[in-house]
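Below is one structure; the comments refer to it alone.
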Amino acid sequence: MTQSFQKVRALTGMKDVLPDTSAQWEALEDIVRDWLSAYGYRNMRTPVLEQTRLFTRGIGEVTDIVEKEMYTFTDALNNEQLTLRPEFTAGMVRATIEHNILYDRPQRVYAMGPVFRHEKPQRGRYRQFHQIDVEALGFAGPDVDAELIVMQARLWKMLGLNDIRLEMNSLGHADERAAHRAALIEYLEQHKDVMDAEAQRRMYSNPLRVLDTKNPAMQEMANNAPRLFDFLGTESLAHFDGVCMRLADAGIEYRLNTRLVRGLDYYNLTVFEWVTDRLGAQGTVCGGGRYDGLIELLGGKPAPAVGFAIGVERLLDLCSQSGEQVSPPECQVYMIHQAPEAQRLAAQLAESLRDAGLRVIVHAGSAGFKSQFKRADASGATVAVILGADELASQTASVKWLREQGEEQPQQETIALDRLVTELKLKV
Ligand code: ATP
Ligand code: MG
């Protein structure tokens with residue numbers, strides 16, 4: 001007797017994409033690839049698993065991600081601390097340094113794929129989710145910051161989305177952040193009574209993040225705190241103006257959100273997010289900014305960089321609200337067979353039809369005509385090709401149209417086998 005096996009389920013917060021919805025994913029990926037290549041971005045693929053210290057260093061010790069969201073484990077075989085990537089940037093920068101690809105020119109690169117964060121699952125927040133990640137490495141000027149934002153606006157347009165708005169801020173340079181930080185800590189010390197435990201814990205290690213709080217009780221305190229934007233010097237302001245000027249050229253509106261700091265530690269100067277009200281609490285679809293210090297921080301020769309990441313699940317959620325989703329047919333031609341030799345002939349004919357570029361399914365196994373026909377219909381095929389004893393005897397196939405074909409198309413016709421490929425290629 002075999003022992004009963006307790007069913008295995010997918011992990012909490014990790015979703016299966018089933019065939020009926022995967023078409024949406026593939027359609028988006030196709031659009032995204034065209035969109036990226038229109039701006040000269042090239043694909044880069046880095047491993048899902050990296051050494052933990054890449055992320056603790058690259059993302060920052062006192063961030064949500066590093067403090068509580070990483071999937072980290074010890075590889076028992078060589079006692080190494082490893083982490084499933086919680087974002088792309090650190091790995092992309094690691095690869096850039098390792099292969100020295102910035103040595104003669106800057107690089108425009110992108111990646112798409114899963115990232116992992118141990119968060120509380122809810123709509124728009126999963127433990128395995130997907131990002132489209134875009135990085136412009138080795139570029140210093142506001143022109144590239146603006147190019148990225150203009151590029152994002154183009155993608156929303158390509159996808160027919162118009163309910164997303166842009167929020168911008170500047171985090172300035174290190175000395176400006178240091179001056180602001182001192183003023184902010186002083187302010188926070190005076191308002192400890194309204195701060196929650198997490199905020200109190202972070203007020204010295206990462207005071208800027210305290211302002212990013214979602215706690216309603218802390219909003220007023222955060223609103224009245226000293227603004228980093230007021231500490232920016234002429235150079236930082238000029239960079240910010242340079243971006244805004246170019247956004248105006250492109251007709252892109254934005255709101256200055258002086259509390260926007262982003263979840264990762266490495267940003268400076270321009271930061272931005274695209275948000276929508278249509279996704280409930282998880283309204284940020286895309287976020288990014290400049291991170292001029294990261295390449296050096298991770299051991300590379302100093303080089304500026306700017307990038308962003310889009311949350312694919314949130315983007316698809318938004319897309320599915322703005323249009324009806326129809327899953328595409330499995331095939332164009334479904335082959336039905338009803339005689340001993342007919343199945344082998346069907347398989348051979350199917351190969352010839354595929355040579356001609358058609359998408360074909362041959363009914364597997366044997367079954368009654370009616371049940372094969374049902375499958376043909378469910379497959380979404382345009383035509384069913386029927387091979388029975390009569391057809392074999394006369395070296396013909398019966399071709400039945402399964403979808404509306406307009407006036408002139410017959411519902412069913414008989415086609416000689418040696419004409420089948422030519423005729424179907426023309427008509428399907
Ligand atoms: P949030 O404030 O929503 O936690 P974040 O600042 O942590 O976002 P980023 O690190 O900037 O997010 O990641 C870029 C994008 O990835 C986000 O704008 C969002 O669209 C998406 N994203 C982030 N976390 C998740 C998640 N757990 N599940 C699904 N998508 C996510
Ligand atoms: Mg987060």
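Things worth noting here:
- Taking (1) away from ligand 2 (no atom under 16 Å from the Cβ); (2) open to solvent by 30 Å² or more (accessible area, probe 1.4 Å) in turn, ARG123 satisfies each apart from (1).
- Qualifying residue in segment 65-75 (condition: surrounded by 17 or more Cβ atoms within 10 Å (Cβ to Cβ), modelled with pLDDT of 95 or more, under 21 Å from GLY299 (Cβ atoms) and within 16 Å of ligand 2 (Cβ to nearest atom)): yes
- When THR270 is tested against (1) at negative phi; (2) at pLDDT below 95, only condition (2) is not met.
- Test: residue in segment 149-167 that is modelled with pLDDT of 95 or more, of a type in the set (A, V, I, L, M) and not in a helix (DSSP H, G or I): yes
- Meets criteria (touching a strand residue (DSSP E or B) at 6+ places or on another chain (Cβ under 9 Å) and either more than 25 Å from ARG125 (Cβ to Cβ) or open to solvent by 40 Å² or more (accessible area, probe 1.4 Å) (or both)) for ARG42: yes
- Segment 161-214 - residue that is of a type in the set (A, V, I, L, M), in contact (Cβ under 8 Å) with a residue 60 or more places away in the chain and farther than 30 Å from SER322 by Cβ and, of those, surrounded by the most Cβ atoms within 10 Å (Cβ to Cβ): LEU171
- Strands (runs of 3 or more DSSP E) contained in segment 60-134 and holding at least 1 residues near ligand 1 (Cβ under 9 Å from one of its atoms): 107-116
- Restricting segment 98-114 to residues that are surrounded by fewer than 18 Cβ atoms within 10 Å (Cβ to Cβ) and over 17 Å from PHE308 (Cα atoms) leaves a set whose member that is farthest from ligand 2 (Cβ to nearest atom) is ASP104.
- Number of the exception - LEU54 against (1) in a helix (DSSP H, G or I); (2) more than 20 Å from GLY289 (Cα to Cα); (3) modelled with pLDDT of 95 or more; (4) not aromatic (Phe, Trp, Tyr): (2)
- Close pairs (7 angstrom Cβ cut-off, 6 or more residues apart or separate chains): more than 11 Å from GLY311 (Cα to Cα) in segment 115-127, away from ligand 2 (no atom under 11 Å from the Cβ) and among the β-branched types (Val, Ile, Thr) anywhere: PRO121/THR12; ARG127/THR12
- Among the residues of this structure, ALA281 does not count as one that is more than 11 Å from ligand 1 (Cβ to nearest atom) and assigned to a loop (DSSP other than H, G, I, E, B).
- Out of ASP193, ASP212, sole residue that is at pLDDT below 95, outside the structural domain of TYR267 (by TED's automatic domain parsing) and assigned to a helix (DSSP H, G or I): ASP193
- Residue count for segment 299-316 under the criterion of being open to solvent by 40 Å² or more (accessible area, probe 1.4 Å) and touching a residue at least 12 places away in the same chain (Cβ under 8 Å): the result is 3.
- Qualifying residue in segment 167-185 (condition: over 18 Å from the mean Cα position of the chain (by Cα) and under 25 Å from VAL32 (Cβ atoms)): yes
- Unique match (being farther than 21 Å from ALA38 by Cβ, within 16 Å of ligand 2 (Cβ to nearest atom), open to solvent by 10 Å² or more (accessible area, probe 1.4 Å) and charged (D, E, K, R)) among ARG117, ARG94: ARG117
- Test: VAL48 is without any contact (Cβ under 8 Å) to a residue 24 or more places away in the chain and open to solvent by less than 70 Å² (accessible area, probe 1.4 Å): no
- Single match in ASP265, ASP241, ASP230 (criterion: open to solvent by 50 Å² or more (accessible area, probe 1.4 Å), part of a helix (DSSP H, G or I) and under 26 Å from ALA199 (Cα atoms)): ASP230
The values are calculated or read from the model by the stated rules, or taken from the named source; none is laboratory data. No experiment lies behind these values; they were computed from the predicted model shown. Ideal geometry is used to build each Cβ from the backbone, glycine not excepted, and the neighbour counts take in all protein chains shown. We work out accessible area using only protein heavy atoms, side chains counted, and drop any ligands, DNA or RNA first. Shrake-Rupley method; radii C 1.70, N 1.55, O 1.52, S 1.80 Å.
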